[in-house]
1. Which count do you get for residues in the stretch 1-14 that are surrounded by 10 or more Cβ atoms within 10 Å (Cβ to Cβ) and not in a loop (DSSP other than H, G, I, E, B)?
2. Here's a check for you: in the stretch 15-50, which residue that is part of a strand (DSSP E or B) and of a type in the set (S, T, Y) is surrounded by the most Cβ atoms within 10 Å (Cβ to Cβ)?
3. Hey, can you tell me all the residues within the chain that are within 10 Å of the chain's Cα centre (by Cα) and among the aliphatic types (A, V, I, L, M)?
Amino acid sequence: MEKYKFLQKGGFESLAKFEKKLNEMAASGWRVVNFTNDHGGYVVLLERIR
């Protein structure tokens, strides 16, 4: 079974904090499927296969 999750960088969130959150998600089994730039922010699509 596959699960998907969107991770979005907020406008006032620092890039370092967003990278830390993304790395924590990757360490817990999530992988990046796709990402895009949204008006100065980032949106990342994550996938986990169970």
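1. Within the stretch 1-14, residues that are surrounded by 10 or more Cβ atoms within 10 Å (Cβ to Cβ) and not in a loop (DSSP other than H, G, I, E, B) number 5.
2. Y42
3. L7, L22, M25, A26, V32, V33, V43, V44, L45, L46
No value in this document is a laboratory result; all are computed from the given coordinates. A quick note: this is a predicted structure, and the numbers were derived from the prediction, not measured. Glycine also receives a Cβ, built like all others from the backbone with ideal geometry; neighbour counts cover every protein chain displayed.
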